Structures are given as C-alpha cells and as structure tokens.
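Asks: Before anything else, here's the structure in question.
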Amino acid sequence: MSDREKRTVVVTGGSRGIGRAICLSLAGRNTKVYFNYFSPADPAGEKAAADETESLIANFGGIAVGSSMNVMAEEEVALFFKNILAETGRIDVLVNNAGITRDKLLLRMKENEWDDVININLKGTFHCTKAAARTMMNQRQGRIINIASLSGVTGNIGQANYAASKAGIIGLTKTVAKELAQRGITVNAVAPGFIDTDMTAVLPDKVKEVMLSQIPLGRPGKPEDVAEAVAFLASEKSSYITGQVIHVNGGMYI
Ligand code: NAP
C-alpha cells in the first residue's frame, strides 16, 4: 500500500510505558492506532492512562482508540480484532507489546506466577498474531513486531517464568516469519534491555544499581528508544528484514 493510504496499526498494552511510546511513534495523519490495556486491579487508573495515550496522539492530529482486552483470553482477542476489522477492513502492523513480570527465584515461584507470565506474554502473543495473520495474508502485506526481552536471550536470576516466555516469543517470531514470508509479511522481535517504565520502577534500588552498572552507554533506556526500533521495523524501510531480533539495550549484551 502507498504511504498516502490509511494504515491500521494494532499495539497491545498501549496505555503506558513502552506500548504508549510505540503508539506515539506509529501514529500519524494516515494511521489509525488501536491499542488495548488490561488491569482488573485498577480499572479506573488504567482507563485514565489509556485516555492519556489517546489524547497525546490526538494533540498532533493522529487517531488512537484504546479499549480493555485481556490478551490471554482468546475470545476477547477475537472480538477486539473483529471490531477493528469492521471499522477499517485491514491490519497493516501488529505490535505484541503487552507483558508482565512476576519475579521470584525458581524454588519460591508458584505455579500461578509461572502460568500468568506465560499466558499473558507468550500465549497472548500467539492469540494476537493468529488473529491478525489471516487478514495480513489476504492483504499479502503486513508487519508483526513482538516485544521480547534481553532476559529471553541471556536468562536472568529471578525471572525463570519471564525469560521462558520471552525466549518462547523469539522462537514464535522466527517460526511465524518463515510461515508468512511468502505472503509478504515480515515478523521480527525487539529485545529491550533495562528500560525506565512502571515495570522496572518497582525493582529494589540495589537491583537497579547493578543493572545500570552493566550498561556500557551508562543510562537506562527510554521507552522511545524501543519505539524507534519498532517504527523502523513497521516501515517500508525494513521490508527485507524478517525473523530477526533487534536488541535495544545500551550495549548490555554485546
Ligand atoms: P508496563 O509499563 O508495565 O506496561 C505493560 C502494558 O501491558 C500495559 O499497557 C498493561 O495494561 C498491558 N497489559 C498487562 N497485562 C495485560 C493483559 N493481560 N492483556 C492486555 N494488556 C496487558 O510495561 P513496559 O515496561 O512498558 O513493558 C512493555 C513490554 O516490554 C513488555 O512486553 C515487557 O515485557 C517488555 N520489556 C520491558 C522492559 C523494561 O525494562 N521495561 C525490558 C524488556 C522487555 P494496563 O495499563 O491496563 O495494566
């Protein structure tokens, strides 16, 4: 499709942090951004965060629509995509960004902490990818970008569940890239290192200090650092790149 035509972009977990920065980086006059959020513990707070993403994008003339949807629930995902397709008839870019942590050492980790992380991070990515793939295949065009993590490549103490989910996302990315390449769809992953968001704000100061000391560029990443890599992978400029993992980590992994 030409740049003048309307683009439909879907970002999971766009209410805050990296997802919001991705929504902002992909928004534009010819682009409608659909994103979701999901926080049953604080529905009012998360709705307010989603409203803020919408108005930040509206401020520069873009359109963003946020709605509540749990990526781990297949029926909710199906309805979310059905509604988008009813409005726009196409999906040009999918960014699987929604994710959580439930950090604990292996021997203390409960089954539900394992399941929650795998179900939201990995199964959620599977559900959304499947829901968007058919439309992209019919279009013979599309971009899928999955947000993995450095933990999924190197492992990280206290993150057996999270690292497994993100390593799974990398395997999923490579496989789907092979399956969909013939239909003109690229599938890549972005693996952030230590990024300044709500997710990392809760870490003890000691852990943050250790992380910082491991970053050659000497600062934590900003959500925008990740969003720029996603914007490149979502653009025409990356049309010959598929099945890759782009690391955004200030040199933490060289
Ligand atoms: P964040 O600030 O905690 O935001 C997480 C987003 O995911 C929120 O929009 C949240 O919605 C949404 N979400 C959570 N559970 C969901 C569910 N079940 N269904 C749908 N949406 C759900 O996290 P972040 O730091 O921006 O992280 C974004 C992604 O980057 C994640 O995949 C994370 O694993 C990855 N990552 C982050 C870092 C880092 O250092 N921050 C490093 C590597 C990778 P609500 O607002 O409704 O809660």
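Asks: Please work out the FRET efficiency for the pair residue 42 and residue 209, using the Cβ-Cβ distance as r and a Förster radius of 35 Å; give the result to the nearest 0.05.
Replies: E(calc), rounded to 0.05, equals 0.75.
Asks: Hey, what did segment 3-248 get for relative contact order, percent, Cα under 8 Å, at least 6 apart?
Replies: 19 percent.
Asks: On to the next question. Can you give me the orientation-averaged projected area of the convex hull built on the Cα atoms of the chain, in nm²?
Replies: Seen from a random direction, the Cα hull of the chain projects 13.3 nm² on average.
Asks: What does the net charge come to around residue 84 if you take all other residues with beta carbon closer than 10 Å to its beta carbon, with K and R at +1 and D and E at -1?
Replies: That works out to +2.
Asks: Classify segment 187-254 as rounded, prolate or oblate from the Cα gyration tensor: take a ≥ b ≥ c as the square roots of its eigenvalues, call it rounded if a/c is under 1.5, otherwise prolate when a/b beats b/c and oblate if not.
Replies: The shape class here is prolate.
Asks: Rounded if a/c is under 1.5, else prolate if a/b is larger than b/c, else oblate: which is segment 1-99, with a ≥ b ≥ c the root eigenvalues of its Cα gyration tensor?
Replies: Since a/c reaches 1.5 but b/c is at least a/b, the shape of segment 1-99 is classed as oblate.
Asks: Looking at segment 53-137, which chymotrypsin sites (Phe, Trp or Tyr not before Pro) are DSSP coil and have at most 14 other C-beta atoms within 10 Å of their C-beta?
Replies: The qualifying sites are 60.
Asks: Of the candidates 229, 191, 58, which one comes out as most mobile in a Gaussian network treatment of the chain with C-alpha springs shorter than 10 Å?
Replies: Of the options given, 58 has the highest mean-square fluctuation.
Asks: Can you give the net charge of the other residues whose Cβ lies under 15 Å from the Cβ of residue 248, counting K and R as +1 and D and E as -1?
Replies: With Lys, Arg at +1 and Asp, Glu at -1, the net is -1.
Asks: Shifting gears a bit: Using helices alone, what [θ] at 222 nm do you get for the chain, with -39,500 (n - 2.57) per DSSP H run of 4 or more residues, divided over all residues and rounded to the nearest 500?
Replies: Taking each H run of at least 4 residues, the total per residue is -14000 deg cm²/dmol.
Asks: Loop-only trypsin sites (Lys or Arg not before Pro) in segment 5-60, please: DSSP not H, G, I, E or B, and at most 12 other Cβ atoms within 10 Å.
Replies: Sites meeting the loop and neighbour criteria: 29.
Asks: How charged is the neighbourhood of residue 141? Take every other residue with its Cβ under 10 Å from the Cβ of residue 141, and add Lys/Arg as +1 and Asp/Glu as -1.
Replies: Within the 10 Å Cβ shell, the charges total +3.
Asks: Also, quick follow-up: If you average the C-alpha positions of segment 30-87 and of segment 122-168 separately, how far apart do those two centres end up, in angstrom?
Replies: Measuring centre to centre over Cα atoms gives 19 Å.
Asks: Sticking with this one: For the pair residue 105 and residue 198, what calculated FRET efficiency results from E = 1/(1 + (r/R0)^6), where r is the Cβ-Cβ distance and R0 = 22 Å, to the nearest 0.05?
Replies: Computed FRET efficiency for residue 198 and residue 105 comes out at 0.45.
We did not get these values from a lab; they are worked out from the coordinates using the rules stated. Owing to the predicted nature of the structure, the values given are computational and were not obtained by experimental measurement. When we count neighbours, we look across all protein chains shown, and the Cβ atoms used for this are built from the backbone with ideal geometry, even at glycine.
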